[in-house]
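First the structure, in the form of structure tokens, and then the observations on it.
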Amino acid sequence: MNYPTKPHPLMPHSATSHPAISLPRLIAHRGLSARAPENTLAAVRAAHRAGCTWVELDVQLLGDGTPVVWHDATVKRCSDGRARLADLDLPRARRLDVGGWFGDEFRGERMATLSEMLALVDALGLGLNLELKVNRGRSAAALVEEAVPAALDVLSPERLIVSSFSGEALACARDLAPAARLALGVLFEGIPDDWRQRCEALDTFSVHADWTRLSGRGARAVREAGYPLLCYTANDPAAFAHQWAWGVTSVISDDPARFAGHLPDRE
């Protein structure tokens, strides 16, 4: 299925300084994570086969400083190993099976380095929402230094959003590239009272919110200010349906195909 990619008519408050990003209604969370092991090359290939045009992925550093596509602080949940990411170097990380936990057909899948993943995303012509995952005790600045220039080297500004819960990480990323070159997304759970000040301080492109904590008032404030609003991680189109009317731009979903036939028309 090919998902609609027509851009939302509302643009950020400083639209002229941001890349001309055309967001689809649906973005595949950690690749097509309902159908393949999350944050793997296999999940991104699955998303592409399913017709997704954008994927969301997490990046953090191994103990030796290698940026890899991974969500948790440890490898316990999504591999056959038990270790903190901070204690692994690349050779040890590569020995892990990161697919067998999901299904036998993915047995032997290996942890992807950021460079490998960027090459695949580029080859498939996908857009990427890259989340800077700063787990406890890890350096936001070191992660940004390794991950953001690498992403900028491979993907055009129109195909990349760098997002994070970490204000420090986003500030470091903004120091590396101006808004015209790098779109930043601020991750919130609920929309806080000071959301706009935080966005303006970083000259961010988009606001990303937990759909279960989103209110109509908060969503409309974001949209009226001209920011694209991305909601994570919605997998029930019926439960989510009323939020489209609040002006949500895109949904980040483990299985975007569930939304087939449940998408409103662009205004």
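The values are calculated or read from the model by the stated rules, or taken from the named source; none is laboratory data. What you see is a predicted model; the values in this text were computed from it and never measured. No Cβ is skipped: glycine too gets one built from the backbone with ideal geometry, and neighbour counts run over all protein chains shown.
When you scan segment 67-92, how many residues do you find that are aliphatic (A, V, I, L, M) and in contact with a Ser or Thr (Cβ under 8 Å, 6 or more places away or on another chain)?
The qualifying residues number 5.
Starting from segment 181-198, take each residue that is of a type in the set (D, E, K, R) and part of a helix (DSSP H, G or I) and list its partners that are modelled with pLDDT of 95 or more and crowded, with 20+ Cβ neighbours inside 10 Å, counting only C-beta distances under 7 angstrom and pairs at least six apart or across chains.
Partner pairs satisfying both residue conditions: 198/186.
Does residue 65 meet the test of being over 25 Å from residue 146 (Cα atoms), modelled with pLDDT of 95 or more and in a loop (DSSP other than H, G, I, E, B)?
No; evaluated as a whole, the condition is false for this residue.
Looking at residue 209, is it of a type outside the set (D, E, K, R), under 16 Å from residue 29 (Cβ atoms) and in contact with a helix residue (DSSP H, G or I) (Cβ under 9 Å, 6 or more places away or on another chain)?
Yes, satisfied.
Give just the number: which of (1) more than 15 Å from residue 41 (Cα to Cα); (2) among the hydrophobic types (A, V, I, L, M, F, W, C); (3) exposed (fewer than 15 other Cβ atoms within 10 Å of the Cβ) does residue 151 not satisfy?
Going through the list (1) more than 15 Å from residue 41 (Cα to Cα); (2) among the hydrophobic types (A, V, I, L, M, F, W, C); (3) exposed (fewer than 15 other Cβ atoms within 10 Å of the Cβ), residue 151 breaks only (3).
Would it be correct to say that residue 107 is among the basic types (Lys, Arg) and exposed (fewer than 15 other Cβ atoms within 10 Å of the Cβ)?
When the stated conditions are applied, residue 107 passes them.
crowded, with 19+ Cβ neighbours inside 10 Å, in contact with a Ser or Thr (Cβ under 7 Å, 6 or more places away or on another chain) and either under 27 Å from residue 153 (Cα atoms) or at pLDDT 95 or above (or both) - does that describe any residue in segment 49-56?
Yes, because at least one residue in segment 49-56 is crowded, with 19+ Cβ neighbours inside 10 Å, in contact with a Ser or Thr (Cβ under 7 Å, 6 or more places away or on another chain) and either under 27 Å from residue 153 (Cα atoms) or at pLDDT 95 or above (or both).
Applying the selection to segment 110-148, what residues are assigned to a helix (DSSP H, G or I) and surrounded by fewer than 22 Cβ atoms within 10 Å (Cβ to Cβ)?
Correct list: 115, 116, 119, 120, 122, 123, 124, 140, 141, 142, 145, 146.
When both residues are 6+ apart or on different chains and their Cβ atoms are under 8 Å apart, which pairs have a first residue that lies in segment 57-83 and is aromatic (Phe, Trp, Tyr), and a second that is part of a strand (DSSP E or B)?
Qualifying pairs under 8 Å: 70/58; 70/59; 70/60.
Under the condition of being among the β-branched types (Val, Ile, Thr) and either more than 19 Å from residue 49 (Cβ to Cβ) or touching a helix residue (DSSP H, G or I) at 6+ places or on another chain (Cβ under 8 Å) (or both), which residue from segment 238-267 is surrounded by the most Cβ atoms within 10 Å (Cβ to Cβ)?
Within segment 238-267, the match that is surrounded by the most Cβ atoms within 10 Å (Cβ to Cβ) is 251.
Looking only at segment 168-201, filter to residues that are loosely packed, with under 15 Cβ neighbours inside 10 Å and out of contact with any helix residue (DSSP H, G or I) (no Cβ under 6 Å at 6 or more places or on another chain); which one of those is nearest to residue 69 (Cα to Cα)?
Only one residue fits best here, namely 175.
Take residue 17 and tell me if it is farther than 18 Å from residue 229 by Cβ and modelled with pLDDT of 95 or more.
no
Filter segment 226-256 down to the residues that are small (Gly, Ala, Ser) and in contact with a strand residue (DSSP E or B) (Cβ under 9 Å, 6 or more places away or on another chain) and list them by number.
234, 247, 250, 253
Taking interchain pairs and intrachain pairs at least six residues apart, which have beta carbon atoms under 8 angstrom, with the first residue in segment 87-98 and under 16 Å from residue 69 (Cβ atoms) and the second of a type in the set (Lys, Arg)?
Cβ pairs passing all conditions: 94/110; 96/110; 97/107; 97/110; 98/110.
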